[in-house]
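J.: This structure is in structure tokens; I'll ask about it shortly.
Each value in this text was obtained by applying a stated rule to the coordinates, not by laboratory testing. Worth saying up front: this structure is predicted, and the values here are computed from it rather than measured. Note that we place each Cβ from the backbone using ideal geometry, even for glycine, and neighbour counts take in every protein chain shown.
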Amino acid sequence: MKAVCWNGANDVRVQSVPDPTILNPRDAIIKITSTAICGSDLHIYGGYIPTVQQGDIIGHEFMGEVVEVGKGVNNLKIGDRVVVPSTIGCGNCNYCQRDMWSLCDNSNPKGWIQEKLFGNITSAIYGYSHMLGGYAGAQAEYIRVPFADVGVVKVPPDLPDEMLLFISDAIPTGYMGAELCDIQPGDTVAVWGCGAVGQFAMISAYMMGAEKVIGIDRFPERLEMAKKFAKAEVINYEEVNAGEALKEMTGGRGPDACIDAVGLEAHGVGLEDFYDQTKQKLRLETDRPHVLREMMVACRKGGTLSIMGVYGGFVDKIPLGAAFNKGLTFRMGQMHGQKYMHSLLQMILDGKLDPSFVVTHQLPLEQAPHAYHIFQQKKDNCIKVVLKP
Amino acid sequence: MTSTSGDKSSTNQPEASEVERWASLIGGGAMVLMGLRQGSLRGALTALAGGGLVYQGATKQSTIQKAQEAIGLNQPIKVEKTVTINKSAEELYRFWHDFENLPTFMKHLKSVKVYDEKRSHWIANAPLDNTVEWDADILEDRENEFISWASVEGADVDNSGFVRFKKAPGDRGTEVKVVLEYNPPGGALAATVAKLFGEEPEQQIGDELRRFKMLMEAGEIATTEGQPSGRK
């Protein structure tokens, strides 16, 4: 089959690889009909995620059709149309049973790498480094889905892929980001990053009762999308100082909750951005924490920071004094897709949510290298690419 | 050794009380602790199972060991690891007690054959397609709580170990603790056996216990072996 393989920083190639096979009883093989490039795939593309190896198939947001099931899978049959969550959960461990699927104890066969670095093991994610399991990813014609009897969501045949694909990752990530904010009536929620996850975080924040939602980005087309579809007020941080603008828009208090939908390749302005860019290039810090710093200073006293952008390692110059003295609450983590997917599907079926607006590009799988390039460089107004194998 | 210490003067109170709890469970009190601290798990377990001559058994062995260590011979490989498994102690004990099940998650074991209630025959994988074999006896067996075993005289590798099952707080399942000790023999076998657990025995035992947990909780062991990639 054809698959998108990582061959080094800023180098992905479409290669011929063997087809996946059933390796365990609870496996299924899915023929992929649509797979997206997630913003967090850009961290891999850029070479910032440790333990990605040359030749790894990448990608984790996908849907398709069941073509083979293992003997332990009784609830799926060949021909079922399914959306699969990007994080892999066994459904049996204490964490899965408490609906904390991305903290699964049993899905990561290379847990010792993570245990050394993080002290514990979290769930595996398709195509997202060997530290996170080393599973082959979804930007391919077929994929092996472990523990397919749990988590996988069957979807009806009459809706197009673009309506359904994002319940695999981007929608539940944004939704969980808003949920972690514990939004109260009248709250103002600021969202850093107006890519797909940021858009869904803003929409979700309104659903949960926020009175005002503010989107922060530097690309006009993303800010336009935030205004048009998420009904957000917007800040272009290259034009105005985001911290000052937020104060001004919240009566001098600061937002009640702040959502990071950017992660470890955050951009800032001026000297601080230069500092982070340099340290990251010299491998003196793994992650650029610009958004974290800005949120800690901008948030109102006693407010909440919800971190959904991906971080992998170590950050530098964190204003912990601000966070401590202001009594901030930090909540974060990979999303627990399996917890949210069914209700999100229902919202789409009920006509309450149409996520297809985020798609700016649909390209054949063969054009993945081009797609990565324009997404990373934000060329051609690229916000979200869906690849069609 | 990473945790267990019998030193009562230790300032680490929680650790000391933990030690006392499971020492009383085992039934031998200070002797096992001494054995563990001084590097003679086998002596302590044997003595406990035998019920007598405990102190002498433990100290004598450790003296020999210390002498051997001093001249750089026979460094014992000793590891301990604990994992919490979302299953009852009964279920876990039952699976483990049939030693023939162990190779399904312990990659360093090739096979185990159970002869009778007490004795079993173990074959372990060693580097370069070698194997090492030994007979082992169960020393002590408390249903749903504790099993200890040790190789009998004439084994390729003198080894001993125990597994303890303890209910975790709340509904978190069962805490499973494993302690293993291998005393590599001298001579030609030594180098082979020393690598039984690779470079990092703690990690290997950790991996094996994680596979035990996967098998017990999820019914299968997560793997990526055999999946496609673009590696040449």
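J.: Just to check I understand the Karplus step: with θ = phi - 60° and J = 6.51 cos²θ - 1.76 cosθ + 1.60, what whole-Hz values come out for the range A:295-305, glycine and proline as x?
T.: Result, ordered by residue: 5, 5, 7, 7, 4, 5, 4, x, x, 10, 9 Hz.
J.: Give me, ordered by chain and number, the residues 5 or more places off A:G133 or on other chains with an amide H under 5 Å from its own placed amide H.
T.: Long-range HN contacts for A:G133: A:K110.
J.: So how do A:I29, A:I374, A:I49 line up by other beta-carbon neighbours within 10 Å, fewest first?
T.: A:I374, A:I29, A:I49
J.: Measure nothing but the geometry: give the 0 to 90° angle between the long axis through the Cα atoms of A:220-229 and the longest principal axis through the Cα atoms of chain A, rounded to 10°.
T.: 80 degrees
J.: Here's something else I'd like to know. For B:99-109, what's the mean count of beta carbons from other chains sitting within 10 Å of each residue's beta carbon?
T.: Taking the mean over all residues of the peptide, I get 0.
J.: Also: Name the lysines eligible as straight-distance cross-link partners of A:K326: C-alpha to C-alpha under 23 Å, and not fewer than 8 places from it in the same chain.
T.: Correct list for A:K326: A:K212, A:K247, A:K301, A:K317.
J.: How many angstrom lie between the C-alpha centres of the range A:306-339 and the range B:117-182?
T.: 43 Å
J.: Taking θ as phi - 60°, what are the ³J(HN,Hα) couplings along the range B:104-114 by the Karplus curve (6.51, -1.76, 1.60), each to the nearest whole Hz, with x for Gly and Pro?
T.: Per-residue couplings from phi come out as 5, 10, 9, 5, 6, 9, 8, 7, 10, 10, 8 Hz.
J.: Here's a follow-up. To the nearest 500 deg cm²/dmol, what mean residue ellipticity at 222 nm is calculated for the protein assembly as shown from DSSP H runs of n ≥ 4 alone, each contributing -39,500 (n - 2.57), summed and divided by the residues?
T.: -9000 deg cm²/dmol
J.: Neighbouring Cβ atoms within 10 Å as the yardstick, rank B:E153, A:E294, A:E272 fewest first.
T.: B:E153, A:E272, A:E294
J.: Amide H neighbours of A:Y126 under 5 Å, counting only residues 5+ apart in sequence or on other chains, H built in-plane at 1.01 Å?
T.: Amide H neighbours of A:Y126, under 5 Å, 5+ apart: A:I88.
J.: For chain A, what does the relative contact order come out to in percent, with C-alpha contacts under 8 Å and a separation of six or more?
T.: Averaging sequence separation for qualifying contacts and normalising by length gives 17 percent for chain A.
J.: For chain A, what proportion of DSSP beta bridges, expressed in % and rounded to the nearest 5, is antiparallel?
T.: Here the share of antiparallel DSSP bridges comes out near 55 percent.
J.: If we count every other residue with Cβ under 12 angstrom of B:L215's Cβ, Lys/Arg +1 and Asp/Glu -1, where does the sum land?
T.: 0
J.: Also, quick follow-up: How many angstrom lie between the C-alpha centres of the range A:253-283 and the range A:43-58?
T.: 21 Å
J.: Can you tell me which of A:163-173, B:125-135 comes out highest on packing, and rank the rest after it, using the mean Cβ neighbours within 10 Å?
T.: A:163-173, B:125-135
J.: Here's something else I'd like to know. Partner chain Cβ atoms within 10 Å, averaged over the residues of A:103-115 - can you pull that number for me?
T.: 5
J.: Let me ask another. What average number of partner chain Cβ atoms lie no more than 10 Å from the Cβ of the residues making up A:13-23?
T.: That average works out to 3.
J.: Among B:K167/B:K213; A:K2/A:K388; A:K339/B:K166, which pairs are too far apart, with a Cα-Cα distance over 19 Å?
T.: From the list (B:K167/B:K213; A:K2/A:K388; A:K339/B:K166), the Cα-Cα distance tops 19 Å for A:K339/B:K166.
J.: Between the helical axis of A:170-179 and the dominant principal axis of chain A, each derived from Cα atoms, what acute angle in degrees is found, rounded to the nearest 10?
T.: Long axis of A:170-179 versus the principal axis of chain A: about 40 degrees.
J.: Could you point to the residue in A:F229, B:Y93, A:Q97 farthest towards the positive end of the protein assembly as shown's charge dipole, with +1 and -1 charges on the Cβ of Lys/Arg and Asp/Glu respectively?
T.: Farthest towards the positive pole: A:F229.
J.: Just check the range B:77-218 against the gyration tensor rule for me: Cα atoms, a ≥ b ≥ c as the square roots of the eigenvalues, rounded for a/c under 1.5, and otherwise prolate or oblate depending on whether a/b exceeds b/c.
T.: Prolate shape, in that a/c is at least 1.5 and a/b is the bigger ratio.
J.: Moving on. Rank the residues A:W112, B:W149 as a footprinting-exposure proxy: fewest other Cβ atoms within 10 Å of their Cβ go first.
T.: A:W112, B:W149
J.: Convert each backbone phi in the range A:213-219 into a coupling constant with the Karplus relation 6.51 cos²θ - 1.76 cosθ + 1.60 (shift: θ = phi - 60°), then list the ³J(HN,Hα) values in order as whole Hz, x for Gly and Pro.
T.: 10, 10, x, 10, 7, 10, 9
J.: Which peptide among A:379-388, A:146-155 comes first, and what is the full order, when sorted by highest mean count of other Cβ atoms within 10 Å?
T.: Taking the mean over residues of other Cβ atoms within 10 Å, the ranking is A:146-155, A:379-388.
J.: If you don't mind, another one. Just to confirm a number: summing +1 for Lys and Arg and -1 for Asp and Glu over residues other than A:L180 whose beta-carbon lies under 15 angstrom from that of A:L180, what do you get?
T.: -4
J.: Using the alpha-carbon atoms, what tilt in degrees (0 to 90, nearest 10) does helix A:368-377 show relative to the longest principal axis of chain A?
T.: 10 degrees
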